[in-house]
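Report on the structure given below.
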Amino acid sequence: MQELEQRADPASVVEAPANSGDSQGAAFVAAAAALALSACGSGEDGGPGSSGSRTPQIPPTPIPPAPAPGPVPPPPRDIVPATHAEAARFALQAQFSVSEADITSLKSGGVLAWLDARYNEPLGQTGVAWLDSRGHDAITVERRYRRRQPGDHMIWNQLLAGPDQMRKRIALALSELFVVSLSGINFLHPAYVIAGYWDVLTANAFGNFRKLLEALTLNAAVGFFLSTRGSARENSSGRQPDENYAREVMQLFTIGLYQMNPDGTPKLDAENKPQDTLSQEDVVNLARVFTGYDWDYHSNGGSTRPVEWEENPVPSTHFASNPMGFNPNRHSTTEVNFLGQKITGTTPGRDALQIALDRLFYHENTGPFFARQMIQRLVTSNPSPAYVERVALVFGNNGSGVRGDLKAVWTAILTDEEARAMPTGADTLFGKLREPMVRFVQWGRTAEVASDDDEYQIGDLSQMDTQLGQSPLRSPTVFNFFRAGYVPPNTEIATAGKQAPEFQLLNESSTAGYINFMQSVTRKGIEDVKPNYTTLLPVAHDVSRVVYWLNLQLTANQLSDETLAAVTSALRGYNITESTVTSAKLDMLATACFLILISPDYLVQK
Amino acid sequence: MKRIVNKDELWTRRVVLQRAMHLSALGVATPLAINLAAVGEAAAFDASDYKALVCVFMIGGNDYANTLVPYDPANYALYHQIRAGGPGEEQAGIALARADLVATALTPGDSAVLTDNLQYALAPQLSGLKARFDANRLAILLNVGPLIQPTTLAQYESANRAANPLPPRLFSHNDQQSLWQTDGDEKSTHGWGGRLGDLALSSGPSNSLLTCISASGNAVFVAGQDAIPYQVGQNGAIRIKALDGPLRGAVRNIITRNSSHVLENACAAVTRRSIELEGRVNNALRGVTLTTEFPRSNLLANQLRVVARMIGANATFGVKRQVFFVSFSDFDHHKSLMGQHPVLMKQLNDALGAFYSATVELGVADKVTTFTASDFGRSLASNADGTDHGWGSHHFVLGAAVNGGRFYGTAPHVSTSTDDQVGQGRLLPTISLDQFGATLAEWFGCTPSEVPGILPNIGNFSNTNLGFLKPG
């Protein structure tokens, strides 16, 4: 779970002598020294010698060869949407909003060509680059480097602006599985720490799961949030390796807690009970693998400098993007046995990490565990087991023998027959509650919001009484905003034995808070981010056209006739003509968005 | 042996009530009172008095050993050895300084002798709770946690799980949070607070929407079958402003209309409840004057303040039994225990202190019982500057109905090797969640035969009322 920390500034770290005992700062210096000299440093706290010379030499465990890939899946289906609504529906599952160009391209070239174009779009401006561009790296007496809010500004800019929105939509979904929260980053340059994490997600969103897993494991924000940063081997005074990451990387990031069939359903034992994937002993053992890591302040031009207004020097922002450094002297040399994998104590730490991450990557649960949750984020809360299995199969083999190819996984999720079948009145359970933050971003892109000075000063919108009730990269804990298996009590969803994770955010307060918040935002925007309604303004006098356009753009024509009638009637009341002043037209357009954005037909994406 | 309980058969009152209603619908005159009297055990909930339970959930797993700290020299030395890596009495590693514990050292009123002659001190920030302990308003339960049945270390380590069942997925946050709130597994959709609400609802005229209340988001603890959890905002119910403006007709139509789609309908149902209750709740809250000062910038106090006001507003609602849920987070101190845990202890102390004072002001101090819960306790052993996930933990019960000023249960040895822990000082509970909950439930009005419907493992334990609450 998340960590809140008031740690000593890193400068104390730099000043501390390397033999000063157990402070993580000293460890950092030791790590830097070890990296620079690749020497066997002095044993750091009187534990067993780092050379292992006191015990007979046990051979290191070699990195096992990769297992054969899974069976070859059928090739992805191409689909050419027949209607605007079908095209919009596809695009709104893949990304936040839909443009007329998306619809044209989907209808002419089909979904696979459209997806390929998205996958081939270059990575846009990174979060770190944006923070740099706004001067947030300044180390001045204003102490901007202590503020978290620029991290919120960064993520809102990333989500609301820029053309590469599918990559960002996917990265946001990944941020809800591999959770890190800005709220838990209490350190210098928190905005850069969270941006360094976000940039790993966007950089790897169309890459490979294994590479993503390793990049996250060594990421500065993950290291802080799940406390691998500074975790050290056991010592003679009873200190134990930190178990936080070892538990959550298994439980939340890869294999989950119960054994799964290839279709994601639990494997049951003779008594019809689910079987555990892991025990506390697995956690205790794996924790040893993640010892010896700490933030790397000095690679890639990183530096620290003393400033007169702080007791300790302030580091540059590089550490937030640098993978954590490894200090073999702090790494456990105790043998590891987890999930049937043995790693001897003499195995080099870097190899041990590869072996451990491979064990999780190749675990039979990882494909269905990941597939099911990603389907839930993008398409529907209750995918059929067959749907999960089809996607998991692609996770196991992209068709060319590669496991964990994320592009192939997104394609499988979005082109699956279950995702593509147009909703009918008969299936009253398909779909999902749109997340508040996804609604807000969709509205922002559709309303063509802009920040005049490019500051994007939208803060943390987590407050449910008065705000959105959810904010990107602001999960309250590593368990995300909601549980994958959440069932809203006292509902037909529960009676039907179904799940609806996003409903964990919906209650009597948050529904009213959201409605009030959106009423204000659709007209006035928020902070320096204002809606322009550029496309709609010239046709604002044509109510039918406005309603038609927004129904398509916001819901893929999923509004009921009753809602359409209510919206249309309310808009006609504004009596907008071509010559009406712009502010009145904007009032009407804001109301049009507001009424749609609060309707249950919109809130449930089908 | 594990008892298999068919909950439905245990809903005696509810079943009777439903049958009575069916009969009434058929035109057969069956006065409610007669049917309830026929059950024979319904007296408690039918009483005209008011009672409330308030669950204070510490999200993340509270560190038991820096909350209730070994204080006598011999046991403090063991604590310091384990948490600081050597002898001494100064603050070191993750050990608190012994001198800082002088003011909160506890002398129980019953002069009972604890394991190894342990004397405990509360965390230095818990000075207000120490005063409540001295005034016999606070009881401390030692080593509480979920258990299926009484379990020894040998049974815990046994390969025979069928004979020695354990709670599912120990040491995992979400599973153990769920277990504490539901006494069932992570998929449970009803909590034991909600089940208490159901029972109260079945016993007489009440309100299915104002019986189980959370001030802390959607919490399964307060979800019942009939008792629908209501979320109250920190300043009362949230009014939808557009319902007062020119768009009110369109807005009401759009947000409340029934739909044939199950998810859409579930959305609209929440909004309908929000609208239906907002006026009633806020009108009632306006009538409550509460002069007790609650601390500012304290998320727990903000929630307990609105709970106190809702209890005050009950003069208007007229509900006889209420179950509340509040929570605060960031207890998962794998790191920075010494920096962060005292901050949370201070918030807990100040918020509970203000809340208890508010119940005194409202004249319901003996009608409101507040108890703490958490995912789990943590390890006694250190991982450098924090602790890892554990199992049993110590908990507080506060109120004028509490037989306070003393400890309940068996104090664990200060050890990472004794048989009352499962390694690294992760405590093997000696009081089960079911026993803890059953004692609260009986005070609330449950009869002993109804408790298994609330806490399904209680039948596996011989002592079903721990005595920390005064009857009546």
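The values are calculated or read from the model by the stated rules, or taken from the named source; none is laboratory data. Being a predicted model, the structure only gives us computed values, none of them experimental. Heads up, the Cβs are rebuilt from the backbone with ideal geometry, glycines too, and the neighbour counts pull from every protein chain shown.
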> Scanning for something surrounded by 20 or more Cβ atoms within 10 Å (Cβ to Cβ) and at the interface with chain B (Cβ under 7 Å from one of its Cβ atoms), does region A:492-499 turn up at least one residue?
Replying inline: yes
> How about region A:219-257: which of its residues are under 19 Å from A:SER181 (Cβ atoms) and among the hydrophobic types (A, V, I, L, M, F, W, C)?
Replying inline: A:ALA220, A:ALA221, A:VAL222, A:PHE224, A:PHE225, A:LEU226, A:VAL249, A:LEU252, A:PHE253
>> Any residue at all in region B:438-446 that's touching a helix residue (DSSP H, G or I) at 6+ places or on another chain (Cβ under 9 Å) and surrounded by fewer than 19 Cβ atoms within 10 Å (Cβ to Cβ)?
In response: no
>> For region A:500-527: of the residues being at the interface with chain B (Cβ under 8 Å from one of its Cβ atoms) and part of a loop (DSSP other than H, G, I, E, B), which is farthest from the chain's Cα centre (by Cα)?
In response: A:ASN507
> Are any residues in region B:116-162 acidic (Asp, Glu) and either in contact with an Asp or Glu (Cβ under 7 Å, 6 or more places away or on another chain) or closer than 30 Å to B:THR369 by Cα (or both), and if so, which ones?
Replying inline: B:ASP134
> From the list B:ILE255, B:ILE238, which one is modelled with pLDDT of 95 or more, in a loop (DSSP other than H, G, I, E, B) and either in contact with a Ser or Thr (Cβ under 6 Å, 6 or more places away or on another chain) or within 7 Å of another protein chain (Cβ to nearest Cβ) (or both)?
Replying inline: B:ILE238
>> For region A:439-458, give me each residue that is among the aliphatic types (A, V, I, L, M) and surrounded by 22 or more Cβ atoms within 10 Å (Cβ to Cβ).
In response: A:VAL441, A:ALA447, A:VAL449, A:ILE458
> Which one of A:VAL543, A:VAL539 is without any contact (Cβ under 8 Å) to a residue 60 or more places away in the chain, β-branched (Val, Ile, Thr), in contact with a Leu (Cβ under 6 Å, 6 or more places away or on another chain) and more than 10 Å from every other protein chain (Cβ to nearest Cβ)?
Replying inline: A:VAL543
> Does A:GLY345 fit the bill of being assigned to a helix (DSSP H, G or I) and on the phi < 0 side of the Ramachandran plot?
Replying inline: no
> Taking into account only those residues within region A:478-489 that are surrounded by 21 or more Cβ atoms within 10 Å (Cβ to Cβ) and at the interface with chain B (Cβ under 7 Å from one of its Cβ atoms), which is modelled with the lowest pLDDT?
Replying inline: A:PRO489
> So which of B:LEU153, B:LEU196, B:LEU210 ends up being closer than 30 Å to A:PRO476 by Cα and out of contact with any Gly (no Cβ under 9 Å at 6 or more places or on another chain)?
Replying inline: B:LEU210
>> Consider region A:176-198. How many of its residues are in a helix (DSSP H, G or I) and crowded, with 24+ Cβ neighbours inside 10 Å?
In response: 10
>> Need the failing condition index for A:THR577 against (1) surrounded by 17 or more Cβ atoms within 10 Å (Cβ to Cβ); (2) in contact with a His (Cβ under 9 Å, 6 or more places away or on another chain), just the number.
In response: (1)
> Out of (1) surrounded by fewer than 23 Cβ atoms within 10 Å (Cβ to Cβ); (2) touching a residue at least 12 places away in the same chain (Cβ under 8 Å); (3) of a type in the set (Asp, Glu), what's the single condition that is false for A:GLU502?
Replying inline: (1)
> Does region B:388-420 hold any residues that are crowded, with 21+ Cβ neighbours inside 10 Å and either under 18 Å from B:PRO168 (Cα atoms) or free of Cβ contacts under 8 Å to residues at least 60 places away in the same chain (or both), and which are they?
Replying inline: B:ASP388, B:HIS389, B:GLY390, B:TRP391, B:GLY392, B:SER393
